[in-house]
Amino acid sequence: MKKSNKNNNKNRNNNNNQQGEQTVRVRSPRKGEIPGIVEQILGHGKLKVRCNDKNIRLCRIPGKMKKRIWIREGDVVLVKPWDFQSDEKADVIWRYTRTEANYLERRGFLKI
């Protein structure tokens with residue numbers, strides 16, 4: 001004879017409601033990192049990104065990130081300029097969701 005799961009489901013739902021909303025931390029730009037908006041996708045893991053410092057950089061998506069995250073035009077990304085050719089080239093290190101991008105804009109990190 002199989003037991004009913006009605007009581008178990010009720011307890012599970014009550015536990016979720018007691019926890020309430022969970023706060024999620026947004027990754028803010030650190031030293032040497034610049035937020036930007038993807039302007040164009042060039043293919044082969046390369047993008048044109050308009051950065052916060054008014055430069056348009058050719059950015060590459062590292063292989064580890066390329067396999068897990070899809071980046072589209074208009075997405076807000078965090079880039080790290082190269083040591084040489086820092087005004088022209090950079091690596092993408094993070095992609096923000098739309099909600100996270102709105103948060104960054106309100107806090108003054110994103111001024112594009």
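The values are calculated or read from the model by the stated rules, or taken from the named source; none is laboratory data. Quick caveat, the model's predicted, so the values are computed rather than measured. Reconstructed Cβ throughout: ideal geometry from the backbone, glycine too, with neighbour counts over all protein chains shown. These accessible areas exclude ligands, DNA and RNA; they are computed on the full protein's heavy atoms, side chains included. Shrake-Rupley method; radii C 1.70, N 1.55, O 1.52, S 1.80 Å.
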Residue by residue through the stretch 79-96, the couplings from Karplus 6.51 cos²θ - 1.76 cosθ + 1.60 with θ = phi - 60°, in Hz, x for Gly and Pro, are 10, 10, x, 5, 5, 9, 6, 5, 7, 10, 10, 7, 10, 7, 10, 7, 10, 8
Note, the stretch 47-57: 3J(HN,Hα) by Karplus (6.51, -1.76, 1.60, θ = phi - 60°), whole Hz, Gly/Pro = x, goes 9, 9, 10, 8, 8, 5, 8, 6, 9, 9, 10
Nearest 0.05, what FRET efficiency do W82 and N102 give at R0 = 41 Å with Cβ-Cβ as r? 0.90
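Over the stretch 19-112, give the accessible area per residue in Å² for a 1.4 Å probe, as an integer. Don't skip to the answer; put the middle values down first.
Values: 6790 Å² over 94 residues.
Each residue of the stretch 19-112 exposes 72 Å² on average to a 1.4 Å probe.
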Only residues of the stretch 29-43 count here: report those whose backbone N is under 15 Å from the spot 7 Å along Cα→Cβ of W94, or say none. 29-37
